[in-house]
Amino acid sequence: MNNSPVIIYVPAGAGIYVPPTGGVQIIGSGRAAPGDEPLLTARLILDPEDDAPPGPVPEPRWDAKADRRGAQVSAVAPARRKQEEALPDLTVPPEIQDLAERAAKAWDMKVGSWTVAATKPEKGWGAIWRIETNRGPRALKLLHRPFERNLFSIGAQDYLVRRKARVAPLVPTRDGKLYTVVDGRMFIVAEWIQGLRQAPKDTVDGAALLCSGLAEFHRRSLGYRPPSGVAPSSRLHRWPRVYRKLRTKLDWFEHLARAYREMPASPLLLEVLPRFKAQADEAIRMLEASAYRKLAARGEEAWGLAHQDYGWSNGQVGPDGKVWIIDLDGVAFDLAFRDLRKLITGTMDDRGDWDLTWMKAMIRAYHEVHPIEPEAMQVMLIDMYLPNEFYKLVKDVLYDPNLLDATMVQALQRLLITDERKQQALRELGLRRRG
């Protein structure tokens with residue numbers, strides 16, 4: 001989740017409720033055309049850290065083309081970013097390419113050609129190149145996360161390789177390090193795994209294969225300790241806080257829908273919000289009453305690493321039919337089966353059908369490799385019960401209220417249908433709900 005303050009511009013007379021973690025500033029006024037509302041705008045600051053005071057408020061970035069009485073935002077709308085990522089521009093600025101070429105000199109290899117394989121311009125410029133070298137094809141990666149975070153994931157990848165996990169081996173530099181730094185940017189080089197392909201998405205066997213590969217990854221990550229002097233990256237004890245933050249944001253959706261009542265999706269959003277707020281409240285109660293804290297108390301080494309972004313693109317099938325795990329930048333200590341929950345719910349949401357046969361097959365494939373004890377299964381089902389799909393569907397309206405359009409109406413209507421199927425599937429899987 002993005003932990004930066006969310007800033008929304010609304011008409012000052014919108015009557016929007018401000019939660020305790022928010023604040024309002026009147027930031028401008030002007031003359032209105034005859035019959036129009038006064039050009040007075042209020043800035044609503046919503047701080048995601050619901051249990052901490054709001055941080056400094058950044059200055060707004062104005063769009064001269066935007067309607068002065070409309071919803072101006074201080075960041076590029078994530079929905080638009082997703083559209084851009086669907087058709088990536090696989091080029092990098094010349095200065096980034098220059099950094100990469102200078103970084104490559106830290107390794108004992110001669111680079112013959114460069115091909116940009118992936119870019120992350122929206123994240124401070126991360127990128128991956130396939131490079132053809134005199135030592136075979138390799139991947140050179142520009143890491144976009146903070147150094148301390150990078151060192152944790154580099155250590156994890158090296159540990160997993162030594163544990164015979166199917167992840168790409170890192171190549172040491174000439175001086176024996178697993179990374180190099182050029183002008184304050186960190187680079188790594190890994191062997192390029194040939195012949196990888198996506199698992200078939202149209203069969204349950206493909207989904208089961210991904211789950212068994214994930215289980216093997218989790219099993220081999222057990223016992224990891226970060227390198228000396230590197231702080232652990234852990235989400236093991238953060239679940240209750242994450243649940244509460246999601247619940248707080250559901251209130252934000254209500255405030256926004258009331259401020260933009262004229263938008264096509266606002267009436268339906270206000271109608272369905274009580275349903276999903278109740279689900280979030282119940283999930284919080286169930287998590288507190290579950291074995292979650294007892295499981296987390298076992299510690300990081302007992303649970304190993306969660307990938308945090310595992311899916312159909314980051315689990316790839318090799319020529320031997322086995323799953324290789326790629327893109328390990330975000331690995332963190334956690335109850336690792338949360339990766340399985342995300343894979344199942346993401347797959348079901350994409351299919352638009354909470355197919356119990358698929359869900360059971362995915363859980364079974366994982367369990368056969370890395371068993372899930374009954375108490376852990378309950379915690380995973382509680383995590384499924386949390387209205388993650390609703391949140392993912394609606395969250396971008398905080399950045400761009402124009403997304404409350406007719407398309408959102410149709411998406412909400414579909415979600416209501418699939419949510420009924422989701423609840424039935426969770427009952428069949430054995431979720432024990434509490435009143």
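Read-outs: derived from the displayed coordinates by stated rules, not from any lab. This is a predicted model, so every value here is computed, not measured. Here Cβ is always computed from backbone atoms with ideal geometry, including for glycine, and neighbour counts include all displayed protein chains.
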Relative contact order (percent, whole number), the stretch 239-429, Cα cutoff 8 Å, 6+ residue spacing: 30
By how many nm would the segment from Q413 to R238 lengthen if fully extended, with 0.36 nm per residue of separation less the alpha-carbon distance? 59.8 nm
Around R275: net Lys/Arg minus Asp/Glu count, Cβ-Cβ under 15 Å: -2
Run the count for the stretch 84-194, please: Lys pairs, Cα-Cα under 23 angstrom, 8 or more apart or on different chains. 10
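Estimate the FRET efficiency between E428 and R130 by the formula 1/(1 + (r/R0)^6), using the beta-carbon distance for r and 25 Å for R0, to the nearest 0.05. Numbers along the way, then the final one.
Numbers: r = 45 Å, r/R0 = 1.78.
Between E428 and R130 the formula returns 0.05.
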Apply the Karplus curve 6.51 cos²θ - 1.76 cosθ + 1.60, θ = phi - 60°, to the phi angles in the stretch 254-268 and return the couplings in whole Hz, x for Gly and Pro. 5, 4, 5, 4, 6, 6, 10, 4, 6, 6, x, 8, 4, x, 5
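Taking the Cβ of A106 as the center, what net charge do the other residues with Cβ under 10 Å away carry, scoring Lys and Arg +1 and Asp and Glu -1?
On the way: positive: R102, K105, R174, K177; negative: D108, D175.
So the surrounding residues net to +2.
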Relative contact order, percent, the stretch 116-182 [alpha-carbon distance under 8 Å, six or more residues apart]: 16
Would you list which lysines come within 29 Å of K277, measuring only between C-alpha atoms, while excluding same-chain residues fewer than 8 positions from it? K82, K245, K249, K294, K342, K360, K392, K395, K422
For the residue pair A302 and E95, what label-to-label distance in nm results when each label sits 7 Å from Cα along the Cα-to-beta-carbon direction? 4.9
Give me the distance in nm between label points sitting 7 Å out from Cα along the Cα-to-Cβ direction at D202 and A291, one decimal. 4.1
Counting only residues 5 or more apart in sequence or on a different chain, those whose built amide H sits under 5 Å from that of A127 are K120, L142
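Compute the whole-percent fraction of alpha carbon pairs in the stretch 84-194 spaced more than 21 Å apart. Could you put the intermediate results ahead of the total?
Values: 2053 of 6105 pairs.
Roughly 34 percent, rounded to a whole number.
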Among 306-316, 349-359, how do they line up from the highest to the lowest mean number of other beta-carbon atoms within 10 Å? 306-316, 349-359
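If I take R0 = 22 Å and measure r between the Cβ atoms of S113 and D183 in this structure, what FRET efficiency does the formula 1/(1 + (r/R0)^6) give, to the nearest 0.05?
Values: r = 23 Å, r/R0 = 1.07.
It comes out at approximately 0.40.
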